[in-house]
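Student: The structure that follows is given in the form of structure tokens.
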Amino acid sequence: MMKKLFKKLFKNIFKKFRKTLILVFVLVFLYFLFFRTITINPDTERNNMILLEEIKKEFLLSDFVSDGCSGNISNMWEFSVEELSKRFPDIALRYKDAQSIPFEYVCEEHDRLYHNAEGGYEGRLAADEMLRDGIIEYAIENVDKIKQLVGLETDESVIFLHEVIAEVIYRGVRFGGAPCTGMPYAWGYGYNGGVCEVEIEN
């Protein structure tokens, strides 16, 4: 019975986030196939960092906004908790204070660093490492709470789970967070929306 409900839930999640999940899968596959541990060609990123510094001279820093954990991670968490809570009263009770992803504050701190974009390539790498480390630190500091929430039995299982989550998210931001892409989560998105080209008026 429970297997069927979980199967139905994952089917609903896949249906709702199908395009995002397929894109993420393809990008992760290409990433590990071609790039291993780098985002893009380092020379390209260096050139984009130089372009971004020029954009910073032309545009004021916008007001800070954050989408939580990017790549639809926060949205998928909220959707999953909502759907599971409808089907399982014990999950509704256990997750009543965890409607948002519990380590979202780490993602928001990471977004602020990306928004401000200080320190070039090394600054971005440090921000991404802070994100990965922050997720693991959250697990270590909240191990008993997480065991009750998730149903894991050992501290090691909790920490390992968050190591895996942290590594996947880290690889995602290394791959997708480069400057000058115009994406709402790009390094330097606080300046001209992460776009490093300026339209010249005639």
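Student: Of all residues in region 147-172, which are within 22 Å of N72 (Cβ to Cβ), crowded, with 21+ Cβ neighbours inside 10 Å and of a type in the set (V, I, T)?
Tutor: I169
Student: I would also like to ask the following. For region 84-101, which residues satisfy the criterion of being part of a loop (DSSP other than H, G, I, E, B) and either crowded, with 18+ Cβ neighbours inside 10 Å or at pLDDT below 70 (or both)?
Tutor: We begin by selecting, within region 84-101, every residue part of a loop (DSSP other than H, G, I, E, B); these are 88, 95-101.
Scanning region 84-101 gives F88, Y95, K96, D97, A98, Q99, I101.
Student: Continuing with the same structure: Report, by residue number, each residue of region 162-183 that is outside any helix (DSSP H, G or I) and at pLDDT 90 or above.
Tutor: G177, A178, P179, C180
Student: Just name the residue that is surrounded by the fewest Cβ atoms within 10 Å (Cβ to Cβ) out of those in region 26-83 that are among the basic types (K, R) and modelled with pLDDT of 75 or more. Give the steps one after another, and end with the answer.
Tutor: Keep residues of region 26-83 that are among the basic types (K, R), which gives 36, 46, 56-57.
With the extra rule that they be modelled with pLDDT of 75 or more, the set shrinks to 46, 56-57.
Numbers: R46: 13, K56: 18, K57: 7.
Of everything passing the filter in region 26-83, K57 is surrounded by the fewest Cβ atoms within 10 Å (Cβ to Cβ).
The values are calculated or read from the model by the stated rules, or taken from the named source; none is laboratory data. Only a predicted model underlies this, so the values are computations on that prediction, with no experimental measurement involved. Backbone-built Cβ (ideal geometry, glycine too); neighbour counts: all protein chains shown.
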